[in-house]
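The values are calculated or read from the model by the stated rules, or taken from the named source; none is laboratory data. Small disclaimer: the values here were computed from a predicted structure and weren't measured. Positions of Cβ are generated from backbone atoms using ideal geometry, with glycine treated the same way; all protein chains shown enter the neighbour counts. Quick note on the areas: whole protein, heavy atoms, side chains included, nothing else; ligands and nucleic acids left out. Shrake-Rupley method; radii C 1.70, N 1.55, O 1.52, S 1.80 Å.
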Amino acid sequence: MEASMISSSIHSMKMQGENFSPNSLSKLKNSSVSFPSSATGNMEPKIVLGEDGYVLEDVPHFSDYISDLPTFTNPLQANSAYSIARKVCVDCNDTIAQMIVVHKDSPRGTHFRRAGATQQVYFESDEVHACIVTCGGLCPGLNTVIREIVCGLYNMYGVKKVVGIDGGYKGFYSRNTIPLTPKVVNNIHKRGGTVLGTSRGGHDTKKIVDSIQDRGINQVYIIGGDGTQKGASFIFEEIKRRGLKVAVAGIPKTIDNDIPVIDKSFGFDTAVEEAQRAINAAHVEAESMENGIGLVKLMGRHSGFIALFATLASRDVDCCLIPESPFYLEGPGGLFQFIEKRLKENGHMVIVIAEGAGQELVAEESKTTEKQDASGNHVLQDIGIWMSQKIKEYFSKTDETGEKILPITLKYIDPTYMIRAVPSNASDNVFCTLLAQCAVHGAMAGYTGFTVAPVNGRNAYIPFYRITEKRNKVIITDRMWARLLSSTNQPSFPVAKDASKIRKEEEEGDSRVVNSESK
Ligand SMILES: Nc1ncnc2c1ncn2[C@@H]1O[C@H](COP(=O)(O)OP(=O)(O)OP(=O)(O)O)[C@@H](O)[C@H]1O
Ligand SMILES: O=P(O)(O)OC[C@H]1O[C@](O)(CO)[C@@H](O)[C@@H]1O
Ligand SMILES: [Mg+2]
């Protein structure tokens, strides 16, 4: 069955609403609702149906595969800091709607479990042995998430055994771990990077789970991007297969903001803010020269969100190029014609280009063979350098009188790693704190095989398969991209070429995205 058909078939099966709790959820699994394995991997979805098209895509729980586990009163309820709180715990029936814009006849649609402390927990404080691992590229806020997991476990749940895994998934195979206490992590949020180290590649599920088992670890906090979350999903499956009481909690990390379903990932705002410094510098340089061009390359392998938001925030950018919006250089409506026009109008201009933009143009010319990094990610060609050369070459051409088409000065700024190596800003720090605390609450409550992230402003537990099945991309037929075009006044290259084809491709690629339209 196609993924898009699932929601409509669920809606047509109008069922009685049910009260559910973690223990009763497994009984409620509805055998008539199945997801295609391409969407869910090996993970068996836990679907609960309610009235008026209500669907809960719940996350796994220990009670799904281990019976008769004891539960304990959540110690947070006796925590003096929380004595003022009207409600310490979330209601176990609370769920978060994925679809926030509805009409009066809309089905209620997909929901996720609301993240937060629960009244009963599945671990005693001195029983917990937690580990934290960071994988993939750097992102502002990694250290804050590590800090707050450690402090959350210690201060909210009285847990004393927390270790860091050294250098990503590979670190599970090494003998040493990094002991983590509130004292050790006290100041780490002020630093960029990750105090645990990170890496790409080297994921061997069986060896990782052996290591977890051998060390007696029973809570695993995994911070990383799409690849990391796929790896986490395999770790969860293997742990479940072995029947272990080990909670696997993912915290999504990606400055590219390419993880679907979630509102945004931590560090994104910081990266966009840091990108302003590069754009400002490019603008100052460009403004100071006759026909000055400032070119800034920003991260964004497959998704141009950083470039899009940095451009919208700056208002000094004349043209933003992203992977989702193909463009061409020469001829009517092409980039060179636009540059010429803008320089003649304003005397200077700023171009922002995402690293993944225009890769097909570079590939047409380059004879190099495709390379992959240790995790199997395609290594991109440097579009910034290529584009600088192309612009310079074009504008140094002479006409029949021997005059240059337009004498330009181009300054290329590549702040790629600078925007992700900085510490997180204030709002990302708060964001990271909530994520970390929600991850801890979820693991203590016996949930596992989940990623925690905000959906429509509230943190939710999302099954791994929902965030690994596809990539979040800028929808160029969406109003947000139109806002950018109206702010820069750049040509919308592909829309001029074949708008209806692009719209159709986007709709097909996003058949499960019910909430994709921007605000
Ligand atoms: N399909 C997969 N199955 C199992 N493990 C994976 C998979 N893809 C990636 N991993 C592992 O996850 C880790 C991180 O993957 P990757 O380098 O792709 O970064 P990422 O988590 O996607 O973060 P980034 O946003 O920086 O790309 C690596 O150790 C890699 O081996
Ligand atoms: O050079 P590295 O560390 O492999 O990572 C580069 C990639 O990581 C990211 O920052 C996150 O995926 C991308 O924007 C970028 O292409
Ligand atoms: Mg990735």
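A few points about this structure:
- Residue in the stretch 290-305 that is open to solvent by 10 Å² or more (accessible area, probe 1.4 Å) and within 20 Å of LYS390 (Cβ to Cβ) present: yes
- The residue list GLY168, GLY193, GLY197 contains one member that is in contact with a Cys (Cβ under 9 Å, 6 or more places away or on another chain) and under 24 Å from LEU153 (Cα atoms), which is GLY168.
- Filtered residue count, the stretch 241-260, keeping only those that are more than 16 Å from ligand 1 (Cβ to nearest atom) and surrounded by 20 or more Cβ atoms within 10 Å (Cβ to Cβ): 2
Yes or no, residue by residue, for (1) modelled with pLDDT under 95; (2) away from ligand 2 (no atom under 15 Å from the Cβ); (3) open to solvent by less than 40 Å² (accessible area, probe 1.4 Å); (4) among the β-branched types (Val, Ile, Thr):
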{"site": "GLU364", "(1), (2), (3), (4)": "yes, yes, no, no"}
{"site": "VAL440", "(1), (2), (3), (4)": "no, yes, yes, yes"}
{"site": "THR448", "(1), (2), (3), (4)": "no, yes, yes, yes"}
{"site": "GLY457", "(1), (2), (3), (4)": "no, yes, no, no"}
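- Residue in the stretch 395-405 that is touching a Phe, Trp or Tyr at 6+ places or on another chain (Cβ under 9 Å), at pLDDT 95 or above and either under 30 Å from GLY192 (Cα atoms) or of a type in the set (Lys, Arg) (or both) present: no
- Residues located in the stretch 142-177, provided they are away from ligand 1 (no atom under 13 Å from the Cβ), touching a strand residue (DSSP E or B) at 6+ places or on another chain (Cβ under 7 Å) and open to solvent by less than 30 Å² (accessible area, probe 1.4 Å): VAL145, ILE146, ILE149, VAL150, LEU153, VAL159, VAL162, VAL163, GLY164
- Candidates THR71, THR134, filtered to the one that is in contact with a strand residue (DSSP E or B) (Cβ under 9 Å, 6 or more places away or on another chain) and more than 27 Å from PRO252 (Cβ to Cβ): THR71
- Residue within the stretch 246-266 that is modelled with pLDDT of 95 or more, outside any strand (DSSP E or B) and closer than 30 Å to GLU340 by Cβ present: no
- Residue match in the stretch 375-388 (condition: of a type in the set (Phe, Trp, Tyr), assigned to a helix (DSSP H, G or I) and either modelled with pLDDT of 95 or more or more than 30 Å from GLY243 (Cβ to Cβ) (or both)): yes
- Residue tally, condition in contact (Cβ under 8 Å) with a residue 24 or more places away in the chain and either open to solvent by 50 Å² or more (accessible area, probe 1.4 Å) or touching a Pro at 6+ places or on another chain (Cβ under 7 Å) (or both), over the stretch 478-494: 5
- Residues of the stretch 336-362 satisfying the condition of being more than 16 Å from ligand 2 (Cβ to nearest atom) and open to solvent by 10 Å² or more (accessible area, probe 1.4 Å): GLN337, PHE338, GLU340, LYS341, ARG342, LYS344, GLU345, ASN346, GLY347, HIS348, GLU360, LEU361
- Contacts under 6 angstrom Cβ, first residue in the stretch 113-136 being within 16 Å of ligand 3 (Cβ to nearest atom), partner polar (S, T, N, Q) and open to solvent by less than 30 Å² (accessible area, probe 1.4 Å), 6 or more apart: THR134/THR194; CYS135/THR228; GLY136/THR228
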